[in-house]
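FYI, it's all coordinate maths here, none of it is from the lab. Remember, it's a predicted structure, so these values are computed and weren't measured experimentally. Cβ placement follows ideal geometry from the backbone for every residue including glycine, while neighbour counts extend to all protein chains displayed.
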Amino acid sequence: MILKENMTCIICPMGCSMEVTIEEENGAKKVVSVAGNGCPRGPVYAGKEIQNPARTLTTTIAVTGGDLKLVPVKTLGEVPVRMLMPCMEVIKRAKCEAPVETGQIIVRDILGTGVDVVACADVARKY
């Protein structure tokens, strides 16, 4: 079965509107062609988005004993889209203790994805 899907590429700020032709057979999807992309990254993005969509997760984690109550964090890699909400549940329950340094791993291998969650800012200890 041949399907057509419209998507916006999110790889760069251009946000190209693409028409993606997909072949679906026995539940497996394969990108046949991509039109409307402004660069070669569009078809790569479309293929990944059809096969296994993933995103970098950014949020905050509670800090105890710090001059800030929250520290911004992000995943060091992409997490499958289907796992974003379960990962948020883990992060919602997570806490770290000050001091916190930028790049410090706060949650290691979140939900077995192989992706760590790291601090994106420093938080000093509150005295």
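Residues in region 63-92 that are among the hydrophobic types (A, V, I, L, M, F, W, C), in contact with an Asp or Glu (Cβ under 8 Å, 6 or more places away or on another chain) and assigned to a strand (DSSP E or B): Val63 alone. Filtering region 26-44 to residues that are over 21 Å from the mean Cα position of the chain (by Cα) and not in a loop (DSSP other than H, G, I, E, B) leaves Ala28, Lys29, Lys30, Val31, Val32, Ser33, Val34, Ala35. From the list Thr60, Thr21, the lone residue that is part of a strand (DSSP E or B) and touching a Leu at 6+ places or on another chain (Cβ under 6 Å) is Thr60. Restricting attention to region 47-100 and to residues that are surrounded by 13 or more Cβ atoms within 10 Å (Cβ to Cβ) and of a type in the set (D, E, K, R), the residue that is nearest to Leu3 (Cα to Cα) turns out to be Glu49.
Return a yes/no flag: does region 93-103 have any residue that is hydroxyl-bearing (Ser, Thr, Tyr) and not in a loop (DSSP other than H, G, I, E, B). The answer is no, given that none of the residues of region 93-103 is hydroxyl-bearing (Ser, Thr, Tyr) and not in a loop (DSSP other than H, G, I, E, B). Scanning region 88-127 for residues that are free of Cβ contacts under 8 Å to residues at least 40 places away in the same chain and over 21 Å from the mean Cα position of the chain (by Cα) yields a count of 8.
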